[in-house]
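Presented below is the structure to which this report refers.
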Ligand SMILES: [Zn+2]
């Protein structure tokens, strides 16, 4: 009998045989259907997974068509996920595609639970961090990828086995933007001055600040339609803000195809139990080199670590809640921590921990937009 998957079923290596039935019962969640997401979704669809859950809140633009092969000229202006779904179903009508024209944080947790693996093709640190936090809490494998011109990387995160995203965050991102309440509109104004954005007046900056855009980072990932709803912010000004603060990175189809090829192959290997090569691959398209890293998971990682160091926070017993927030912001590179303790949430910043009766050995909970579920920390009050 003719079989669509005949050739891949012949794969048998190091004692592991290809298990198409297993693949046909597997669901992958793909966050971001851009250049990498298109390629990886196409690969997984053709190889015959049961279902793809695709998430992207963007529409197709002309400049996507040079490298995002699930989209064609007539798709310009339509949600990427709609065009992707149609083309994926044409490529392999036997799979299921479920699409979300949404940000990843608006996806119901059941959908993450339903997936056997996550693939991220996001273009920002915050999104990856958020997805990583879900992967760790649900113990789902997570294959992350990114490119920059001729360069790219893939990370295979098996929670509690390989390092998670927080074990080794990108160095340039370790700078903390502290968006704690004490910030003033003038702090934002000073930060934005260096970008020299024409038409961005102090009055508009004040308005942005009052709407919760307190740091350049808040603006970096703001949605265009949210920015243009602010009085004084025209569409052209909003675009200028985004172009200056979050400039587009160079991207080429060929590098994306290589990196997405590795990403989707690693995903298949995890699903089918093939031996894995590394937890991180780095590709250099100029030298043609591919190198591998196999770093140890960090026991003191604040997200996936299990040691005391990861679960405990040492605080001066006279500390205020603001002191604690600043400490957490710096230690974990979380710009926006809120603290919950027993029935108190949010804890007022002027309060001292003593004032609410907090004692050593008790738990506090850190809430942040960077993580999907609150992080529990055991208080250790230092005399
Ligand atoms: Zn970790």
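No lab work stands behind these numbers, since they all come straight from the coordinates. Quick caveat: nothing in here was measured; it's all calculated off a predicted structure. Cβ coordinates were reconstructed from backbone atoms using ideal geometry, including for glycine residues, and neighbour counts include every protein chain displayed.
Brief remarks on what is shown
- For the chain, a Gaussian network of Cα nodes joined below 10 Å ranks 355, 291, 144 by mean-square fluctuation, and the top entry is 355.
- Label zone at residue 74, where the point sits 7 Å out along the Cα-to-Cβ direction: the range 39-67 residues whose backbone N lies under 15 Å: none
- By average C-beta atoms within 10 angstrom, highest first, the peptides 332-342, 98-108: 332-342, 98-108
- By the count of neighbouring beta-carbon atoms within 10 Å, fewest first, 376, 228, 147 end up ordered 376, 228, 147.
- Overall dimensions of the chain as given by Cα atoms, namely Rg and Dmax in Å: 22.6, 76
- Note on the range 59-172: Rg/Rh from C-alpha atoms, Kirkwood Rh, equals 0.99.
- Fully extending the segment from residue 25 to residue 299, taken as 0.36 nm per residue of separation minus the present Cα-Cα distance, adds 95.3 nm.
- Distances between every pair of Cα atoms in the range 1-128, grouped in 10 Å steps from 0 to the bin holding the largest one, split as 12, 42, 31, 13, 2 percent.
- Pairwise label distance in nanometres, residue 61 with residue 291, each label 7 Å out on the Cα-Cβ vector: 3.4
- In this simple spin-label approximation, residue 210 and residue 363 carry label points 7 Å from Cα along the Cα→Cβ vector, and these lie 4.0 nm apart.
- Mean silhouette area of the range 185-245, derived from the convex hull of its C-alpha atoms and averaged over all directions, reads 3.3 nm².
- Residues in the range 367-383 that a label on residue 318 would reach, taking backbone N under 12 Å of a point 7 Å out along Cα→Cβ: 383
- On the principal axes of its alpha-carbon atoms, the range 309-383 has extents of 30, 25, 19 Å, going from largest to smallest.
- Extended-chain gain in nm, criterion 0.36 nm per residue less alpha-carbon gap, residue 187 and residue 340: 52.4 nm
- Modelled FRET efficiency - R0 56 Å, residue 4 with residue 236, Cβ distances, 0.05 increments: 0.70
- The chain: most fluctuating residue of 135, 84, 238 per GNM, C-alpha cutoff 10 Å: 238
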